[in-house]
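What follows is a set of notes on a single structure, which appears directly below.
The values are calculated or read from the model by the stated rules, or taken from the named source; none is laboratory data. Everything quoted here is computed from the prediction, not taken from an experiment. Reconstructed Cβ throughout: ideal geometry from the backbone, glycine too, with neighbour counts over all protein chains shown. Areas reflect the complete protein model, heavy atoms only, side chains present, ligands, DNA and RNA absent. Shrake-Rupley method; radii C 1.70, N 1.55, O 1.52, S 1.80 Å.
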Amino acid sequence: LLKRQTMRCFDKKIFKGLCTKKVLAIILLSSSLFACSSSDEEDPSTKIAELSDLDNAFDVEVLWDRSVGDGVNDYFSRIKPIVAYNKVYSASREGDVVAYDKESGDKIWQADLSDVNDERSFWDSRVSALVAGGPIAGMSKVFLGTENGDVFALDAETGELIWQAKIKGEVITAPAIDSGILVVNSASGVLKGFDANTGDEIWKVEQDVPALTLRGISTPVIASGGVLVGSGKGELGVYILEKGQAGWTTEVGEATGSTELQRVIDVDSAPVVFGDKVYAISARGNLVAIELKSGRILWKRQYSSYRQIAVHRNDIFITNTRGHIYALNRVNGIERWSNVELTNRSVTGPAVVDDYVVVGDFEGYLHWLDQETGEIVSRHHVDSSGIYSTPTVVDDIMYSQSRDGDLQVIITPKIVSAAQ
């Protein structure tokens, strides 16, 4: 068991600093345990759920299918396609940034961030740009960040480089943009506001980062003139967009264990603003509803996740750390239903499409769950490399990208009941 967990730690690269510091001790301990044990039984808590046979309630339509370089492979990355300016933009970890026509899927332009200044000769090997943050779009530009701390702004129509800037630490989540300010969060705890037109620094905030955190940081979210961002200390805070001054801070995570690992309480999922409330969740601790203006907690429930949450009408949909999917009442946090059929399948955050909630898994399947009951009603296979990022949904059309870069644009048919 410990050996298997150690390999997963290497493969997924989730815990920053944990593998290199403790792997020898884990291997030695696991060797002792295996020597003393003759049982081959798997711990139920780590058993991966097998997919049951399913008669699809409907078959989806793939509008078009394209390949975005080599995707992200086995690396931790939240790269996902976005839709803006009648185009679909996406990227690969190595540095391919591609714009497709939204309707036809025709490639409009492609840029290479691994050689953004066109300096690589025929004889030089390609060095990965380590793209991990973005893309996002705004002000006729496309913005991306890298694990090298580079921030790029490309022309949305041509892919031409507009400006390039630096931030301390890895950019492993998408920036945010509003009112001409691009906000970038880094794994080193630096939150920086850039002039979106020029790349000039407007303000900078340095946050404390615990010694041990998940390899993930919160995507900044801009609302009502403030920047909402989660921290490795399990808090959700707000900063004034214009100048970066700190506002309220609210505790979301709840450290209860005795070991360092058990006390990891990062808020890595982007907060979701809905009306005058904001919803946030910790990797260990709570799902909370917070008053946007004051930071006052309205209610909290014990759920843990580092995946994106979804808010739709009066419901909140979440995927917890074990791949269980839940629907809760947005007003009071009371659970409506749960689905545990995808346990330990590395399930993505939920995306809402029409009357369904859709999640992806490590084998590359997308699963459609009925919003009212939580029952899995249909399934579609994208790519065997797996799906890590929450699918993007715009106007009930889904854009999903696999780890190997297979991008599919998927239409969910509308089912009309016999009673109608």
With the 1.4 Å probe rolled over protein heavy atoms, region 295-420 has an accessible area per residue in Å² of 39
Long-range amide H contacts for HIS312: which residues qualify at under 5 Å (H placed 1.01 Å from N, peptide plane, sequence gap of 5 or more or a different chain)?
-> PHE317
For the chain, with a Gaussian network of springs between Cα atoms less than 10 Å apart, report the residue from VAL358, VAL127, VAL393 with the top mean-square fluctuation.
-> VAL127
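Ranked from the most accessible area to the least, with a 1.4 Å probe and all protein chains present, what is the order of GLU94, GLU157?
GLU157, GLU94
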Amide H neighbours of TRP203 under 5 Å, counting only residues 5+ apart in sequence or on other chains, H built in-plane at 1.01 Å?
-> GLY193
Calculated log₁₀ intensity ratio I(q)/I(0) where the Debye formula runs over C-alpha points of region 71-128, q = 0.21 Å⁻¹ | -0.87
Using a 1.4 Å probe and ignoring any ligands, DNA or RNA, find the accessible area of ARG336 and quote it in Å² to the nearest 10.
-> 90
Please pull out the direction-averaged projected area of region 149-200, using the convex hull of its alpha-carbon atoms, in nm² to one decimal place.
-> 3.4
Residues whose built amide H sits under 5 Å from the amide H of THR343, excluding neighbours closer than 5 in sequence, are ALA49
May I ask you to evaluate 6.51 cos²θ - 1.76 cosθ + 1.60, the Karplus curve with θ = phi - 60°, for each residue of region 217-223 and list the ³J(HN,Hα) values in order in whole Hz, giving x for glycine and proline?
-> 9, 6, 5, x, 10, 9, 8
In whole Hz, the Karplus estimates of ³J(HN,Hα) for region 385-392 (6.51, -1.76, 1.60; θ = phi - 60°; x where Gly or Pro) are 6, x, 10, 10, 8, 4, x, 8
A convex hull over the alpha carbons of region 271-420 yields, per residue, a volume in Å³ of 118
Which of the listed residues, TYR365, GLN401, ASN344, is farthest toward the dipole's positive end in region 317-411, when Lys, Arg count +1 and Asp, Glu count -1 at the beta-carbon?
-> ASN344
Using a 1.4 angstrom probe and counting only protein chains, how large is the accessible area of ARG322 in Å², to 10?
-> 90
What label, among [x] 183, 50, 41; [y] 65, 47, 41; [z] 60, 57, 55, belongs to Cα extents along the principal axes in Å computed from the structure on display?
-> [z]
For the cross-link pairs LYS168/LYS204; LYS277/LYS300; LYS80/LYS102; LYS87/LYS107; LYS141/LYS277; LYS233/LYS293, which exceed 18 Å when the distance is taken from alpha carbon to alpha carbon?
-> LYS141/LYS277; LYS233/LYS293
Can you list the HN-Hα couplings for region 376-384, worked out from phi with the Karplus curve (6.51, -1.76, 1.60; θ = phi - 60°), rounded to whole Hz and with x for Gly and Pro?
-> 6, 10, 8, 9, 9, 9, 9, 6, 5
